[in-house]
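Chemist: Structure below; questions to follow.
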Amino acid sequence: MYSGDTICAIATGMAGSGIGIIRVSGDRAIEICDRIFVGRKKVSEMETFTAAYGHIVDPAVIEENTSDEGFDGDNGHVSAESGINNRKMPDMKEAVIDEVVVLVMKAPHSYTTEDTVEIDCHGGVFLMEKVLGLLVREGARVAEPGEFTKRAYLNGRIDMSEAEAVMDVINAETESALSASVGQLRGDLREKIASIREEILYNTAYIESALDDPENYSLDGFNEKLAESVERIDGEVKRLAQSFDEGRIVREGIRTAIIGKPNAGKSSVLNMLLMEERAIVTDVAGTTRDTLEEYARLSGVLLKLIDTAGIRETEDKVEKIGVDKAQENIKAADLILFVADGARPLDDDDKRIIRSLAGKKVITLINKEDLPVAINRTELDALLKEVFCGETLDLTDGKTVSADAKRNTTEPHILTISAKEGQGRDELAALIKEMFLAGEAKGNSQIVISNERHKNALYDASQALGRVKESLENGLPEDFYTIDLMAAYESLGLITGETLADDLADKIFAEFCMGK
Ligand code: GDP
């Protein structure tokens, strides 16, 4: 069991608020709080998971102002009888710092697994710091960022993936980011990794036993079983690693580029997307917008909009936006919103743009539906199908073949909208959800990796498993398998923390916010 100093921190933000919570954790948490809290009961007399009303007092002031009466100098506790409401002790008033509620959670059933006291005081920063100062004077130490969670980890209550999920939960900005991190916090990833590691360990142990004790453990036919097991495990590891991109999308937003020929309505589409946000930040809109990254929130999906300044520039400086820049944006995007002008015929510009989008996730927005239609839908549909569904006419034998390399959807995604009238926004949101968060829409509890560290560990594990497969194919001796199996085992252990070096763990916790 890890045991260290008793730590304390302001757990709520460092800005004035109605209530502020100060958290104290460690062997001496209760004793230290007893020294500064005056209520109907001592903190040490409270049942676990109960709260008590009372006052935070400065024991030094009481000591100065009073005789021994009513104040137990031995443990610094001001007893209930001599409490602040006791008229016999007018001096106590001067010692009062705040009116509070304390909550006691005794070891091992607390966040850190240690004795923990939470003090709900008023949320003024000066006040909270004063209470913190008292706690420090009475023997606690100010916690480092993430130290409460680090203790939960070191005391074995949570693994590293769950510890990291704590910060993701705090930082989640969308429904989907929240549900992904809550899943991780719940231990979904820990369980998955544990079961994979167990299987690897079993295989390794079996080989080693067979090598040591061939009479009782036979390797006959084992290679086939091992090959099957490694193949399946590698599949799972790869799937997890691949979910990283989805995880990034969930956390940071879908990188979205709006592309289209001049006057198609890109700027208007942008404004339509920013509608909700603009409602919140009316004052700054327009002023800071060109330099900042812009985000649009569409019914719970976050879009990170690429090069919005470029889009605005096109209004006056059509020439300025170079082809290279557009290509760069296309490359960096998870999603392309291709804006076609429905009130003008399809032209070479449109065609060129469409062709440059092959291999990307694209939604074609046929804009200006409020105006008479001039675009040729049949021609547009055919072109989109060709580029996005790989349906091209193979001239050699006249049959339609599908070019898998180009394929990215079964049907091109097309919506008719009127950016000017805000028509089609909901449909667009629904479509984006379907394209990017299909798993969640179906209520699928698929695990999503949202942490680069985890992705790298999964990648290394998969490489090692690949080497096992190779050794099996080449008929190499069994000890070769065990080396690589153990390498995969170690890599996966980095995710849960089992094989993580202390200094790396420290680095991870240092990224946390104060009080967590
Ligand atoms: P951009 O050059 O692609 O950014 O296009 P803009 O968004 O600046 O739009 C070009 C012109 O088309 C402007 O005059 C817009 O008001 C107009 N426009 C954009 N969307 C619509 C729409 O849905 N309906 C109509 N009637 N006009 C639109």
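The values are calculated or read from the model by the stated rules, or taken from the named source; none is laboratory data. Predicted model only: the values in this text are computed from it and were never measured. Here the Cβ positions follow ideal geometry from the backbone for every residue, glycine too, while neighbour counts run over all protein chains shown. What goes into the accessible areas is simple: the full protein's heavy atoms, side chains included, and nothing from ligands, DNA or RNA. Shrake-Rupley method; radii C 1.70, N 1.55, O 1.52, S 1.80 Å.
Chemist: Rounded to the nearest 10 Å², what accessible area does R28 show when all protein chains are kept and the probe is 1.4 Å?
Modeler: Probe radius 1.4 Å; accessible area of R28 about 90 Å².
Chemist: Same structure again: In vacuum, with every alpha carbon of region 93-248 counted as one equal point scatterer, what does the Debye formula give for log10 I(q)/I(0) at q = 0.15 Å⁻¹? Two decimals, please.
Modeler: Results for region 93-248 at q = 0.15 Å⁻¹ read -0.98.
Chemist: Given the whole protein assembly as supplied and a 1.4 Å probe, what does the accessible area of I196 come to in Å², nearest 10?
Modeler: So the heavy atoms of I196 present about 10 Å² to solvent.
Chemist: Go through R248, R186 and list them by solvent-accessible area, largest first, probe radius 1.4 Å.
Modeler: The residues order as R186, R248, largest area first.
Chemist: Kindly report the accessible area of region 105-251 per residue (heavy atoms of protein chains, probe 1.4 Å, no ligands, DNA or RNA), in Å².
Modeler: Value for region 105-251: 46 Å² per residue.
Chemist: I need the phi-derived Karplus couplings for region 49-65: 6.51 cos²θ - 1.76 cosθ + 1.60, θ = phi - 60°, integer Hz, Gly and Pro marked x.
Modeler: Here the 3J(HN,Hα) series is 6, 10, 10, 9, 8, x, 10, 8, 10, 9, x, 5, 5, 4, 4, 5, 8 Hz.
Chemist: Sorted by accessible area with a 1.4 angstrom probe, largest first, how do K385, K238 fall?
Modeler: Highest to lowest solvent-accessible surface, that is K238, K385.
Chemist: Another question, if that's okay. Can you give me the accessible area per residue for region 1-45, using a 1.4 Å probe, in Å²?
Modeler: I get 45 Å² per residue for this part.
Chemist: When the solvent-accessible surface of protein heavy atoms is calculated with a 1.4 angstrom probe, in what order do R453, R40, R151 fall, highest first?
Modeler: Ranked from most to least accessible, the order is R40, R453, R151.
Chemist: Further question: Considering only protein heavy atoms and a probe of 1.4 Å, how much of the accessible area of region 220-279 is carbon and sulfur, as a whole percent?
Modeler: Carbon with sulfur: 47 percent of the solvent-accessible area.
Chemist: Taking the full set of protein chains and a 1.4 angstrom probe, give the accessible area of E63 in square angstrom, rounded to the nearest 10.
Modeler: Ignoring ligands and nucleic acids, E63 comes out at about 110 Å².
Chemist: Output the pairs from K192/K304; K331/K361; K106/K150; K266/K368; K261/K351; K106/K130 with a Cα-Cα distance over 20 Å in this structure; if there are none, say none.
Modeler: K192/K304; K106/K130
Chemist: With a 1.4 Å probe and every protein chain kept in, tell me what percent of the accessible surface of region 107-177 is carbon plus sulfur.
Modeler: Carbon and sulfur together cover 55 percent of it.
Chemist: Kindly rank 49-58, 475-484, 29-38 from highest to lowest mean number of other beta carbons found within 10 Å of each residue.
Modeler: Listed from highest to lowest mean packing, they are 29-38, 49-58, 475-484.
Chemist: Then there is this: Could you go through region 188-195 in sequence order and give the Karplus-derived ³J(HN,Hα) for each residue, using 6.51 cos²θ - 1.76 cosθ + 1.60 with θ = phi - 60°, rounded to whole Hz, and x for Gly and Pro?
Modeler: Using θ = phi - 60°, the values come out as 4, 5, 4, 5, 4, 5, 4, 6 Hz.
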